[in-house]
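Scroll down for the structure; my scribbles are underneath it.
The values are calculated or read from the model by the stated rules, or taken from the named source; none is laboratory data. All values reported here derive from a predicted model rather than from experimental measurement. We place every Cβ from the backbone using ideal geometry, glycine too, and count neighbours over all the protein chains shown.
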Amino acid sequence: MRLVIIGGDAAGMSAASRAKRKDPDIDIIVLEQTYDVSYSACGMPYNIADPQRDMEKLVVRKADVFIEKNKINLLTGHRATAIDRAAKKVSGIKAGGEPFSFDYDILFIATGASSVVPDLPGFDLPQVMSLKSLEQGKLIKSYIQENRIKKAVIIGMGYIALEMCEAFEKRGVKVSMVKPGPVFLPWLSPGLAEVISEELKNKGVDIYSGTAVEKIEPLNDGVRVCCDNSTLDADMVLVAMGVKPCSDMAKEAGLELGISDSIAVDRQLKTSDKDIYSAGDCADTYHVVTDNKCWIPLALIANRAGWAVADNVTGTKTRLQGIAGTSVFKVFSLEVARSGLNFKEAADAGFDPVENSVKTRSRAHGHPGSTPIHINMVADKKTGRLLGTQMVGKEGVAHRINAVAVALHNKMTVADFSQTDLAYAPPFGPVWDPLLTAANQLVKKI
């Protein structure tokens with residue numbers, strides 16, 4: 001059997017490695033359009049922040065290791081362009097322009113996602129960049145160093161945008177953030193969003209919400225970002241407006257698309273074609289709170305789904321439960337985490353949501369070094385079920401959110417969650433853990 005995989009990052013290489021371990025005789029061909037595979041994309045902002053760290057340190061395993069050790073036919077510089085489902089064939093172009101085609105028995109589409117870049121004048125200037133691939137990360141890092149960048153404009157206010165604020169600040173770069181929407185971090189509870197906004201302002205970041213970018217113009221010594229009500233001059237621009245699934249090839253092949261034009265798959269990662277699987281940032285998945293389809297591109301689900309594809313291809317029937325959308329990121333001294341639904345998402349999903357926000361401490365009363373933790377917790381008023389939690393604080397947030405994720409996967413009520421036996425020691429938290437405090441207060445509202 002021949003398994004052809006389009007895409008050589010998290011989902012693709014996880015599937016290839018696991019399938020080869022389970023069935024050494026399987027013929028695996030991986031088509032990767034770049035020359036980088038299996039690297040920590042989430043680590044790029046932190047690497048960019050440190051001029052002494054080599055970007056190559058983010059590479060988990062080089063291509064030649066997969067080829068020589070795992071005996072996987074990994075073809076870098078091979079860009080797949082078309083899928084012929086009737087002939088069961090994938091075709092494309094090599095880096096040098098030479099065409100190629102491969103037959104498949106099973107196809108796995110793991111094409112990932114690409115940066116959202118608006119079709120506006122000036123967004124193709126060399127000073128305007130996005131951060132998605134390792135190649136782009138290397139380019140940004142070298143550009144900062146070689147051009148002695150002092151001012152940058154970030155268009156967008158998502159995870160990458162906020163992480164890159166810190167990276168720029170550590171490199172001595174003054175940052176202005178611009179977004180067309182009027183609300184700063186609309187997916188976050190307003191009180192928690194205000195904590196992040198204040199942190200950014202204290203670090204010298206200028207925030208321009210409700211500001212639409214109309215074009216970018218070149219200057220002799222940089223660029224000018226022209227907005228609907230102002231202009232901002234900078235040495236470079238980072239476009240961080242989110243990502244979109246790379247699903248065009250699947251659409252052209254007639255495969256069914258789902259949320260946000262991601263490739264629709266079932267719980268076994270099969271597409272609308274029984275011989276084609278898909279997973280990672282290009283595919284949809286199920287949300288454990290709503291049991292509905294969703295598209296939330298995150299690293300863990302990409303790797304886990306790659307394993308599941310390998311299991312299904314090699315004869316072990318595997319179904320994925322889904323995701324809770326658990327995520328965490330760092331903004332200067334703050335840890336920001338979430339799992340599950342916010343209030344609006346819960347209402348849109350048909351729940352009768354009730355929420356509360358608490359401010360508590362990261363350590364026990366009187367223990368030195370304690371800092372505030374802000375928590376917003378959401379539940380369903382009719383059933384008492386926990387639906388989601390958001391947290392912001394300087395410590396004790398990043399790993400606490402995992403308790404919420406476990407509760408969501410097990411569909412716990414807030415009352416049940418409030419009775420869980422969470423660990424206590426003065427250096428790590430109060431005797432009533434911040435999550436238990438939030439749950440106890442929310443039980444009263446329910």
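Those residues that are over 15 Å from ILE6 (Cα atoms) and either under 21 Å from the mean Cα position of the chain (by Cα) or of a type in the set (A, V, I, L, M, F, W, C) (or both), I need them from region 228-254; list them, please.
Of everything in region 228-254, those that are over 15 Å from ILE6 (Cα atoms) and either under 21 Å from the mean Cα position of the chain (by Cα) or of a type in the set (A, V, I, L, M, F, W, C) (or both) turn out to be LEU232, ALA234, MET236, VAL237, LEU238, VAL239, ALA240, MET241, GLY242, VAL243, LYS244.
Do the conditions hold for ARG53, that is, is it under 22 Å from LYS138 (Cα atoms), under 27 Å from the mean Cα position of the chain (by Cα) and without any contact (Cβ under 8 Å) to a residue 40 or more places away in the chain?
yes
Quick one: which strands (runs of 3 or more DSSP E) sit completely within region 341-426 and have at least 3 residues that are closer than 22 Å to GLN321 by Cα?
372-380, 386-393
Suppose we keep only residues that are of a type in the set (Val, Ile, Thr) and over 23 Å from the mean Cα position of the chain (by Cα) within region 206-227. Which one would you say is farthest from GLN136 (Cα to Cα)?
Checking each candidate, the answer is THR211.
Does region 227-245 hold any residues that are of a type outside the set (A, V, I, L, M) and buried (at least 21 other Cβ atoms within 10 Å of the Cβ), and which are they?
PRO245
Can you tell me which of (1) polar (S, T, N, Q); (2) within 22 Å of GLU32 (Cβ to Cβ); (3) in contact with a Pro (Cβ under 7 Å, 6 or more places away or on another chain) is the one GLN145 doesn't meet?
Failing condition for GLN145: (2).
Might you check whether a residue that is closer than 26 Å to ALA161 by Cα, modelled with pLDDT of 95 or more, surrounded by fewer than 23 Cβ atoms within 10 Å (Cβ to Cβ) and touching a Ser or Thr at 6+ places or on another chain (Cβ under 8 Å) occurs anywhere in region 343-351?
Checking region 343-351: at least one residue is closer than 26 Å to ALA161 by Cα, modelled with pLDDT of 95 or more, surrounded by fewer than 23 Cβ atoms within 10 Å (Cβ to Cβ) and touching a Ser or Thr at 6+ places or on another chain (Cβ under 8 Å).
Do the conditions hold for PRO372, that is, is it within 20 Å of ALA439 (Cα to Cα) and in contact with a Phe, Trp or Tyr (Cβ under 7 Å, 6 or more places away or on another chain)?
Here the answer is no, as PRO372 does not meet what is asked.
Kindly state which strands (runs of 3 or more DSSP E) lie completely within region 17-92 and contain at least 1 residues that are at pLDDT 95 or above and of a type in the set (Ser, Thr, Tyr).
Fully inside region 17-92 and qualifying: 73-76, 78-84.
Please go through region 225-240 and give me each residue that is part of a loop (DSSP other than H, G, I, E, B) and either modelled with pLDDT of 95 or more or closer than 24 Å to GLU163 by Cα (or both), ordered by number.
Passing the criteria: ASP235, ALA240.
Check region 325-341 and report whether any residue there is over 26 Å from ASN303 (Cβ atoms), in contact with a helix residue (DSSP H, G or I) (Cβ under 6 Å, 6 or more places away or on another chain) and among the aliphatic types (A, V, I, L, M).
Yes, region 325-341 has at least one match.
If I go through region 165-194 residue by residue, how many of them are surrounded by 19 or more Cβ atoms within 10 Å (Cβ to Cβ), of a type in the set (D, E, K, R) and assigned to a helix (DSSP H, G or I)?
1
Does ASN356 count as in contact (Cβ under 8 Å) with a residue 60 or more places away in the chain and in contact with a Ser or Thr (Cβ under 8 Å, 6 or more places away or on another chain)?
no
Residue under question is ASN312, and the condition is that it be assigned to a helix (DSSP H, G or I), under 21 Å from GLU163 (Cβ atoms) and touching a residue at least 40 places away in the same chain (Cβ under 8 Å); does it hold?
Judged against the criteria, ASN312 is not a match.
Does LYS179 satisfy the criteria of being charged (D, E, K, R) and under 22 Å from the mean Cα position of the chain (by Cα)?
Yes: the conditions hold for LYS179.
Can you name every residue in region 195-224 that is assigned to a helix (DSSP H, G or I), charged (D, E, K, R) and without any contact (Cβ under 8 Å) to a residue 60 or more places away in the chain?
GLU198, LYS201
So in region 105-133, with the set limited to residues that are among the small types (Gly, Ala, Ser) and outside any loop (DSSP other than H, G, I, E, B), which one is surrounded by the most Cβ atoms within 10 Å (Cβ to Cβ)?
SER130
Taking ILE140 as the residue in question, decide whether it is part of a helix (DSSP H, G or I) and either buried (at least 17 other Cβ atoms within 10 Å of the Cβ) or over 21 Å from the mean Cα position of the chain (by Cα) (or both).
yes
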